[in-house]
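Asks: Pasting a structure here, questions to come.
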Amino acid sequence: MTKWLIASMLVVATAHAHEIATGDAVNEGIDAAALEKLMAATVASKSSALVIIKNGKLVVDWRPAGAVAHPIETMSATKSIVNLAIGRLIDDGKIKSVDEPVYRFYPEWKQGRKKTITLRHLLDHTSGLQAQPTTGEEIYPSPDFVKLALAAELSDDPGVRVFYNNKAVNLLAGVVKVASGQPLDAYLRDVLFVPLGITDWKWSHDSAGNPHAMSGLRLEAIDLAKIGQLLVDGGVWRGKRIISQSWIAESVKPSQKMKRVGLLWWLLFEWQKLTIDDTVIAAWRAAKVDEAFIAKVAPMKGTLYERADFFATLSKVFEKDGGLEYWYDHTWRKGLSDGAVSTGPVAGYYADGYLGQYLVVLPKQHLVAVRQLEAREDSPDAKNYDAFTTFAATVQTLVLPPK
């Protein structure tokens, strides 16, 4: 057994307080060499925590030497937890369906184009609400994130274009409060955290007292993994149903507008390849993307890349400009495609947060993986961190194919 596996098992042996049975990674069907590579990359990227559950057993519970488990900001991975609040309200009949118009909760929207915006549009980033690509320009300065979203004009017709929209997602906190009678954080405390035994958590609020929905939830890695295990088990925890299987299935259907997007979950495929072709470049030009940006990726045109290789190449191309954060600012944060995508069947899904907060769920393999990286007050810039952008793809290599 390799040194990383030995270290992992020593840590896992102390984890009984979480009431999750422990197990040996290799005995549970995890490839030793693949785990070795994952552990090495976890350490090299200065991760704060790594947790892996396989077949319901905790097989890795790692953090740097001397570090103590504590809640870490999940950043945009919070959005995927908010998805569960909407699903539970639908399960309980407090929301009729994911296609219910938002004006049912906020009657002032029963006019113009806003009357056609549904909860699905908020959940798959197709609401059409005008928003800046980053949160610092208008969201954080606002005293009330929900009112900010309600007052937004439309930049597109609802359902037409994918635009990663933090402002629109924050409106879900308001929807949950109207539908349940409780703030988002209190509601999820009662229907999710308490049943799963999650007690050490925090949630950020705006000045008006609204819990953020775009980010803001702090959880320990093991507790984030518990949520993943709930999903692997079809919405059941310790014999009690928490969320319906039908909602989980609905959440991880590929969006018609962007294949790798579900309802506030990112999708993983059995295989995925990307290329930059004339159609992609034409869409960039139509959106007035800078020609210097296009020129930098022109050498990649026409080459079919595995997903991990595609983004690794882009990271090098834009290394002096800010790496992938610079790339994202010019592509999907503006609602534009990264590239032309070809995919196989859906293999799993994941929550993804700023700086590399991940919750990866592979239901068929009965595998959950969490990676966290804690921001430091003395280092506010994303360029100072390794977001481990290949984490989800690397997790997919852990399970050996059937013999």
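Asks: Residue by residue through the range 86-121, note down the ones that are of a type outside the set (Gly, Ala, Ser), under 16 Å from Ser251 (Cα atoms) and in a helix (DSSP H, G or I).
Replies: If the condition is that a residue be of a type outside the set (Gly, Ala, Ser), under 16 Å from Ser251 (Cα atoms) and in a helix (DSSP H, G or I), then Ile86, Arg88, Leu89, Ile90, Asp91, Leu119, Arg120, His121 are the ones that fit.
Asks: When the range 377-395 is examined, which residues are found to be part of a loop (DSSP other than H, G, I, E, B), within 17 Å of Ile72 (Cβ to Cβ) and either at pLDDT 90 or above or basic (Lys, Arg) (or both)?
Replies: The answer is Tyr385, Asp386, Ala387, Phe388.
Asks: Something else about it: Taking the condition surrounded by 21 or more Cβ atoms within 10 Å (Cβ to Cβ), in contact (Cβ under 8 Å) with a residue 12 or more places away in the chain, touching a Leu at 6+ places or on another chain (Cβ under 8 Å) and under 22 Å from Val261 (Cα atoms), does Leu362 pass?
Replies: yes
Asks: Out of Gly235, Gly262, Gly239, I need the residue that is within 17 Å of the chain's Cα centre (by Cα) and in the same structural domain as Pro158 (by TED's automatic domain parsing). Which one?
Replies: Answer to the check: Gly262.
Asks: Could you tell me which of the residues Ile281, Ile276, Ile243, Ile248 is free of Cβ contacts under 8 Å to residues at least 60 places away in the same chain and among the hydrophobic types (A, V, I, L, M, F, W, C)?
Replies: Selected residue: Ile281, the only one of Ile281, Ile276, Ile243, Ile248 that is free of Cβ contacts under 8 Å to residues at least 60 places away in the same chain and among the hydrophobic types (A, V, I, L, M, F, W, C).
Asks: Oh, and also: Determine if the range 110-118 includes at least one residue that is within 22 Å of Leu362 (Cβ to Cβ) and modelled with pLDDT of 95 or more.
Replies: no
Asks: Any residue at all in the range 388-401 that is touching a strand residue (DSSP E or B) at 6+ places or on another chain (Cβ under 8 Å), of a type in the set (Val, Ile, Thr), over 18 Å from Glu270 (Cα atoms) and surrounded by 17 or more Cβ atoms within 10 Å (Cβ to Cβ)?
Replies: no
Asks: Please pick out the residue among Ala179, Ala208 that is of a type in the set (A, V, I, L, M), under 28 Å from Thr134 (Cα atoms), out of contact with any Gly (no Cβ under 9 Å at 6 or more places or on another chain) and not assigned by TED's automatic domain parsing to the domain that holds Gly356.
Replies: After applying the criteria, what remains is Ala208.
Asks: Here is a further query. Can you name every residue in the range 192-215 that is aliphatic (A, V, I, L, M) and free of Cβ contacts under 8 Å to residues at least 12 places away in the same chain?
Replies: Selection gives Val194 alone.
Asks: Filtering the range 19-51 down to residues that are polar (S, T, N, Q) and not in a loop (DSSP other than H, G, I, E, B), which residue is farthest from Trp62 (Cα to Cα)?
Replies: Out of the qualifying residues, it is Thr22.
Asks: Please pick out the residue among Gly66, Gly128, Gly56 that is farther than 24 Å from Asp157 by Cβ, in contact with a helix residue (DSSP H, G or I) (Cβ under 8 Å, 6 or more places away or on another chain) and either in the same structural domain as Phe193 (by TED's automatic domain parsing) or surrounded by fewer than 21 Cβ atoms within 10 Å (Cβ to Cβ) (or both).
Replies: Matching residue, one of Gly66, Gly128, Gly56: Gly56.
The values are calculated or read from the model by the stated rules, or taken from the named source; none is laboratory data. Computed from a prediction, not measured in an experiment: that's the story for all the values here. Here the Cβ is made from the backbone with ideal geometry for all residues, glycine too, and neighbour counts use every protein chain on show.
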